[in-house]
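This report concerns only the one structure given below.
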Amino acid sequence: MQLAAIIVSLVLIVVGVALFGRALLQIYNFMRLGQPVPAGTRTDDPTQRTLTVVKEFLGHTRMNRWGIVGVAHWFVAVGFFTLLLTIVNAFGQLFKADWLLPVLGDWAPYNVYVEFIGTMTVIGILALIVIRQLSHPRKPGRKSRFAGSNFGQAYFVEAVILIVGVCIFMLHALEGAQHHVDGYEASFFISYPVVKWLGGMDVSTLQNLTYFFAGLKIATSFIWMITVALKTDMGVAWHRFLAFPNIWFKRNATGETSLGALLPMTSGGKPIDFTDPGDDDVFGVSQVEQFSWKGLLDFSTCTECGRCQSQCPAWNTGKPLSPKLLIMSLRDHAHAKAPYLLAGGGKTMEGEEKASEEQLKDVPAAALAEAERPLIGTAEENGVIDPDVLWSCTTCGACVEQCPVDIEHVDHIVDMRRYQVMIESAFPSEAGTMLKNLEKKGNPWGLAKKQRLEWTKEVDFEVPVVGKDIEDLTEVEYLYWVGCAGALEDRAKKTTKAFAELLHIAGVKFAIMGGDEKCTGDSARRLGNEPLFQELGMENVAALNMAFGEEMDDEGNITPESKKPKSAKKIVATCPHCLNTIGNEYPQLGGDYEVIHHTQLLQHLVDEGKLVPVTPVEGIITYHDPCYLGRHNKIYTPPREIIGKVPGLRNEEMHRHKERGFCCGAGGARMWMEERIGKRINNERVDEALSLNPDIVSTACPFCLVMLTDSVNGKKNDGKAKESIQVVDVAQLLLDSVKTPADPAGETEAESEPEPEPVK
């Protein structure tokens, strides 16, 4: 047995190490197929990036959001990387059964660590196996987060970890038996009962058991190494290595999720100048090699855990998009196409082959066939990603928020959309109307710009307008960016008027733009029309800079003497999409402002006593987190604080809230597209809200307000919701409580206002 174990182990070690080294080189060359990224964007502040990796790994900051799964995975992950010396120990035991590591072998703290972590690795993997089985999609459906994952690969990896963990435990116990441990001691504080049982065996039996478990441990470890080396697209195994660079190279060095701003469009690692694009500039992604190397690293790092899938609003409402399956499809396609690309293959913009026949003569037929597949195409076209998958995304960010290895799904989806919109003009037809309205009228509804100020005539106080009532914004504390919805959509206008009145009551000096401002371009950018976003954004930045009293030179740059610090340029917005675009994306266009959400300002005014909610608003309320306020900008507390200060309200949280909040269905330009597949996302969200039997559904976003109101009204008409239920913005709630009743019946002016017809 000893001789057989030694020979098998030596062969497996040599083959495994050689193949694994080759696999590492293959993966490195594979990543180099991707496009470069702008200089410094993924390597800035290396110290902080390293600290982020250490924090995310040792703290399991993302995994631990899922309770027992995170704890179990922590022990498995830590055991894998910190018990590597047990392989050395096992190899020595093949030659001498009672061999111990020099120095460490007799050191009690080391033995305690091996004993504890080894045992917990076994318990941890058993817990993960049970969880996978309990979540197994035994029938076709979408409930399991593992639906679509490679179960065979997962079972293999889990079996390897379990076998190795058991071998570590048994070899440690055999050490105790062979070294005549005849009493309880710290080094064997868990395994002592096994040590005592083994102590009754003869020396020959103990030696043979040692050779068996040592050989089994080494064979299992290196069979695993050989397997993953031969299959470099095996994400469930490779993530344990690739997760570290993927986290290190994430967008934000400090560790924040890659949400908020979208990345600027680049070609060859350089931002595209849309005023004078280069002849060779590539717009968006139409071939897998046009993703950046970070994108290819993302695809290979996916561990198929399905957390993104379980949270995705599209997947949960019967649509074809699963962030997990999308990333897996891109990974499999990229790896299958890699031999063709590594041989120099590729297509020009005209569709001609770059490589010669001589270069491609040794490329496998399967890789050549994969190279002919369109990246975006229907099943009939043999496309990698179906168009319905691409256009189902609401860019809510739930996938990015939940991914334990920091994959940037939204960026990749938008990159593919950009090519479809800008080059192929292939996108849902309804969105075309929105784009035309933005181009011609500067707002998605296509209404005249003079209507942006109509709401100011419906309040009984003066609303200062920049350039009309005041020269510039140096005379006030805040610019109130009303936004398109807040100025033009009747339901959102209620929020606008309520917020403006609250500012007036609190004595806050504010002003609004004069009506020449345009849409911020959020929907255009997330649809994929980057040039239109740039055009709208640059016009708005110029108008804002002028409004803040900054002067421009002949080239359109702010003169140094007029430039104001960010802290002097305060903007408050009622729309999270405007907040996100102006605050996070306009810096890419030269506009640097301090932007806050209206709930943040209102909470501050309540805390200061400038707004005092006194009139009770009776009933049960549930609050819906807007994705672009919550996940994209991490603003969860202010709306809830305000609700908590309004007397009479009892807040009930929906099952999916805060980081796990469920989208209303309007983001990613979906506000302007029909939902033709599956259940409407807003109906799914309202069903969840109605399960609490609330009197009020509240939110803090005009898009969410429209989507939730539409669904609630539809359910009222169908008799599925009580007639008295209201959908209101947090600002409307606060105003109702701040204002004293207008009559003895307690009806406020805001409550008695008739429901206007929505803008068609």
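Take the residues in the stretch 1-47 that are among the polar types (S, T, N, Q) and outside any loop (DSSP other than H, G, I, E, B), then tell me which one is surrounded by the most Cβ atoms within 10 Å (Cβ to Cβ). Break it down stepwise before answering.
Of the residues in the stretch 1-47, the ones among the polar types (S, T, N, Q) are 2, 9, 26, 29, 35, 41, 43, 47.
Filter again for outside any loop (DSSP other than H, G, I, E, B), leaving 2, 9, 26, 29, 35, 47.
On the way: Gln2: 18, Ser9: 23, Gln26: 15, Asn29: 12, Gln35: 18, Thr47: 8.
If we take residues in the stretch 1-47 being among the polar types (S, T, N, Q) and outside any loop (DSSP other than H, G, I, E, B), then Ser9 is surrounded by the most Cβ atoms within 10 Å (Cβ to Cβ).
Looking at (1) at pLDDT below 95; (2) crowded, with 22+ Cβ neighbours inside 10 Å; (3) not hydroxyl-bearing (Ser, Thr, Tyr), which one does Glu618 not meet, given that it meets all the others?
(2)
Return yes when Val384 is under 17 Å from Leu33 (Cβ atoms) and touching a Ser or Thr at 6+ places or on another chain (Cβ under 6 Å) and no when it is not.
On the way: under 17 Å from Leu33 (Cβ atoms): yes; touching a Ser or Thr at 6+ places or on another chain (Cβ under 6 Å): yes.
Criteria met by Val384.
Return the total of residues in the stretch 396-421 being within 23 Å of Val282 (Cα to Cα) and in a helix (DSSP H, G or I).
Residues meeting the conditions: 13.
Quick one: would you say Ile131 is out of contact with any Gly (no Cβ under 8 Å at 6 or more places or on another chain) and either open to solvent by less than 20 Å² (accessible area, probe 1.4 Å) or among the basic types (Lys, Arg) (or both)?
Numbers: out of contact with any Gly (no Cβ under 8 Å at 6 or more places or on another chain): yes; either open to solvent by less than 20 Å² (accessible area, probe 1.4 Å) or among the basic types (Lys, Arg) (or both): no.
So Ile131 fails the test.
Could you please give the count of residues in the stretch 502-519 that are more than 16 Å from Asp469 (Cβ to Cβ) and surrounded by fewer than 22 Cβ atoms within 10 Å (Cβ to Cβ)?
4
Could you check how many residues of the stretch 313-344 are in a loop (DSSP other than H, G, I, E, B) and touching a residue at least 24 places away in the same chain (Cβ under 8 Å)? Break it down into steps so the answer makes sense when it comes.
Restricting attention to the stretch 313-344, the residues satisfying the condition of being in a loop (DSSP other than H, G, I, E, B) are 313-314, 318-322, 343-344.
Now drop any that are not touching a residue at least 24 places away in the same chain (Cβ under 8 Å), which leaves 313-314, 318-322.
Within the stretch 313-344, residues that are in a loop (DSSP other than H, G, I, E, B) and touching a residue at least 24 places away in the same chain (Cβ under 8 Å) number 7.
Would you confirm whether or not the stretch 331-346 contains a residue that is open to solvent by less than 10 Å² (accessible area, probe 1.4 Å), within 30 Å of Cys403 (Cα to Cα) and either hydroxyl-bearing (Ser, Thr, Tyr) or in contact with a Cys (Cβ under 9 Å, 6 or more places away or on another chain) (or both)?
Yes, the stretch 331-346 has at least one match.
Which ones in the stretch 648-672 are in a loop (DSSP other than H, G, I, E, B) and surrounded by 22 or more Cβ atoms within 10 Å (Cβ to Cβ)? Write out each step before concluding.
Just the residues of the stretch 648-672 that are in a loop (DSSP other than H, G, I, E, B), to begin with: 648, 652-657, 661-669.
Of everything in the stretch 648-672, those that are in a loop (DSSP other than H, G, I, E, B) and surrounded by 22 or more Cβ atoms within 10 Å (Cβ to Cβ) turn out to be Gly661, Phe662, Cys663, Cys664, Gly665, Ala666, Gly667, Gly668, Ala669.
Could you say which residue among Ile161, Ile117, Ile168, Ile123 is in a helix (DSSP H, G or I), open to solvent by 60 Å² or more (accessible area, probe 1.4 Å), of a type in the set (A, V, I, L, M, F, W, C) and at pLDDT 95 or above?
On the way: Ile161 fails: open to solvent by 60 Å² or more (accessible area, probe 1.4 Å); Ile117 fails: open to solvent by 60 Å² or more (accessible area, probe 1.4 Å); Ile168 fails: open to solvent by 60 Å² or more (accessible area, probe 1.4 Å).
None of the others qualify; the one that does is Ile123.
Restricting to the stretch 252-277, what's the tally of residues that are open to solvent by less than 40 Å² (accessible area, probe 1.4 Å) and part of a loop (DSSP other than H, G, I, E, B)?
The total comes to 11.
Got a number for residues in the stretch 670-709 being among the polar types (S, T, N, Q), touching a strand residue (DSSP E or B) at 6+ places or on another chain (Cβ under 9 Å) and over 19 Å from Pro639 (Cα atoms)? Break it down into steps so the answer makes sense when it comes.
Residues of the stretch 670-709 among the polar types (S, T, N, Q): 682-683, 691, 693, 698-699, 709.
Applying the additional criterion that residues be touching a strand residue (DSSP E or B) at 6+ places or on another chain (Cβ under 9 Å) yields 693, 698-699, 709.
Next cut, over 19 Å from Pro639 (Cα atoms) only: 693.
Of the residues in the stretch 670-709, 1 are among the polar types (S, T, N, Q), touching a strand residue (DSSP E or B) at 6+ places or on another chain (Cβ under 9 Å) and over 19 Å from Pro639 (Cα atoms).
Which members of the stretch 676-693 meet the condition of being open to solvent by 10 Å² or more (accessible area, probe 1.4 Å), touching a Ser or Thr at 6+ places or on another chain (Cβ under 8 Å) and either at negative phi or hydrophobic (A, V, I, L, M, F, W, C) (or both)? Spell out the reasoning first.
Let us first name the residues in the stretch 676-693 that are open to solvent by 10 Å² or more (accessible area, probe 1.4 Å), namely 676-680, 683-684, 687-688, 690-693.
With the extra rule that they be touching a Ser or Thr at 6+ places or on another chain (Cβ under 8 Å), the set shrinks to 677-680, 683-684, 692.
Correct list: Ile677, Lys679, Arg680, Asn683, Glu684, Leu692.
Of the conditions (1) farther than 24 Å from Ile117 by Cβ; (2) open to solvent by 20 Å² or more (accessible area, probe 1.4 Å); (3) not small (Gly, Ala, Ser), Met234 clears all except one; give me its number.
That leaves (2) as the condition not met.
Of the conditions (1) surrounded by fewer than 23 Cβ atoms within 10 Å (Cβ to Cβ); (2) in a helix (DSSP H, G or I); (3) among the charged types (D, E, K, R), Arg525 satisfies every one except a single condition; which number is it?
Failed condition: (1).
I need the full set of residues from the stretch 356-395 which are at negative phi, surrounded by 15 or more Cβ atoms within 10 Å (Cβ to Cβ) and in a loop (DSSP other than H, G, I, E, B), in order please.
Passing the criteria: Val363, Arg373, Leu375, Gly383, Val384, Asp386, Ser392, Cys393, Thr394.
Filtering the stretch 25-47 down to residues that are out of contact with any Ser or Thr (no Cβ under 9 Å at 6 or more places or on another chain) and aliphatic (A, V, I, L, M), which residue is farthest from Asp411 (Cα to Cα)?
Leu25
I'd like the residue in the stretch 718-734 that is in a loop (DSSP other than H, G, I, E, B) and not charged (D, E, K, R) and, out of all such residues, is modelled with the highest pLDDT. Break it down stepwise before answering.
Going through the stretch 718-734, the residues in a loop (DSSP other than H, G, I, E, B) turn out to be 718-725.
Then drop every residue that is not not charged (D, E, K, R), which leaves 719, 721, 724-725.
Working: Gly719: 90, Ala721: 90, Ser724: 92, Ile725: 95.
It comes out as Ile725.
Sort out which residues of the stretch 629-647 are charged (D, E, K, R) and in a loop (DSSP other than H, G, I, E, B), and write them in order of number.
Here is the first cut: in the stretch 629-647, the residues charged (D, E, K, R) are 631, 634, 640-641, 645.
Once the filter is applied, which keeps residues that are charged (D, E, K, R) and in a loop (DSSP other than H, G, I, E, B), the stretch 629-647 yields Arg631, Lys634.
Quick check on this structure: which one of Ala426, Ala498, Ala487, Ala431 is within 34 Å of the chain's Cα centre (by Cα), free of Cβ contacts under 8 Å to residues at least 60 places away in the same chain and open to solvent by less than 10 Å² (accessible area, probe 1.4 Å)?
Numbers: Ala426 fails: open to solvent by less than 10 Å² (accessible area, probe 1.4 Å); Ala498 fails: free of Cβ contacts under 8 Å to residues at least 60 places away in the same chain; Ala431 fails: free of Cβ contacts under 8 Å to residues at least 60 places away in the same chain.
Going through Ala426, Ala498, Ala487, Ala431 in turn, the sole match is Ala487.
Of all residues in the stretch 136-149, which are under 23 Å from the mean Cα position of the chain (by Cα) and either more than 26 Å from Val78 (Cβ to Cβ) or surrounded by fewer than 16 Cβ atoms within 10 Å (Cβ to Cβ) (or both)?
Step one: of the stretch 136-149, the residues under 23 Å from the mean Cα position of the chain (by Cα) are 142-149.
Across the stretch 136-149, the qualifying residues are Arg142, Lys143, Ser144, Ala147, Gly148.
Checking the structure you have, find out if any residue of the stretch 57-64 is assigned to a helix (DSSP H, G or I) and in contact (Cβ under 8 Å) with a residue 40 or more places away in the chain.
As a first pass, look at the stretch 57-64 and keep what is assigned to a helix (DSSP H, G or I): 57-58, 63-64.
Imposing the further condition that a residue be in contact (Cβ under 8 Å) with a residue 40 or more places away in the chain reduces the set to 57, 63.
Scanning the stretch 57-64, I find at least one residue that is assigned to a helix (DSSP H, G or I) and in contact (Cβ under 8 Å) with a residue 40 or more places away in the chain, so the answer is yes.
Cβ-Cβ below 8 Å, separation at least six or inter-chain, first residue in the stretch 13-37 and under 9 Å from Ala229 (Cα atoms), second assigned to a helix (DSSP H, G or I) and open to solvent by 60 Å² or more (accessible area, probe 1.4 Å): which pairs?
Here the result reads Gly16/Ile223; Leu19/Leu230; Ala23/Leu230, each pair linking the stretch 13-37 to a residue that is assigned to a helix (DSSP H, G or I) and open to solvent by 60 Å² or more (accessible area, probe 1.4 Å).
Among (1) touching a residue at least 60 places away in the same chain (Cβ under 8 Å); (2) among the β-branched types (Val, Ile, Thr); (3) open to solvent by less than 60 Å² (accessible area, probe 1.4 Å); (4) part of a helix (DSSP H, G or I), there is one condition Ile223 misses while meeting the rest; what is its number?
Among (1) touching a residue at least 60 places away in the same chain (Cβ under 8 Å); (2) among the β-branched types (Val, Ile, Thr); (3) open to solvent by less than 60 Å² (accessible area, probe 1.4 Å); (4) part of a helix (DSSP H, G or I), Ile223 violates only (3).
Output the number of residues of the stretch 67-114 satisfying the condition of being open to solvent by less than 60 Å² (accessible area, probe 1.4 Å), without any contact (Cβ under 8 Å) to a residue 12 or more places away in the chain and farther than 13 Å from His172 by Cβ.
Within the stretch 67-114, the first condition is being open to solvent by less than 60 Å² (accessible area, probe 1.4 Å), and the residues that meet it are 67, 69-70, 72-73, 75-80, 83, 86-87, 89-90, 92-94, 97-98, 100-101, 104-105, 108, 110-112, 114.
Now restrict to residues that are without any contact (Cβ under 8 Å) to a residue 12 or more places away in the chain: 67, 70, 92, 110.
Pick out the ones that are also farther than 13 Å from His172 by Cβ and you get 67, 70, 92.
Total meeting the criteria: 3.
Considering the stretch 397-423 alone, what residues qualify as being more than 20 Å from Met328 (Cα to Cα) and open to solvent by less than 30 Å² (accessible area, probe 1.4 Å)? Steps first, answer last, please.
Residues of the stretch 397-423 that are more than 20 Å from Met328 (Cα to Cα), as a first pass: 418-423.
The answer is Arg418, Gln420, Val421.
The values are calculated or read from the model by the stated rules, or taken from the named source; none is laboratory data. Since the model is a prediction, treat every value here as computed from it, not as a measurement. Counting neighbours? That spans all protein chains shown, and the Cβs are built from the backbone with ideal geometry, glycine included. For the accessible areas, the whole protein counts, side chains as well, though only heavy atoms, and no ligand, DNA or RNA atoms are used. Shrake-Rupley method; radii C 1.70, N 1.55, O 1.52, S 1.80 Å.
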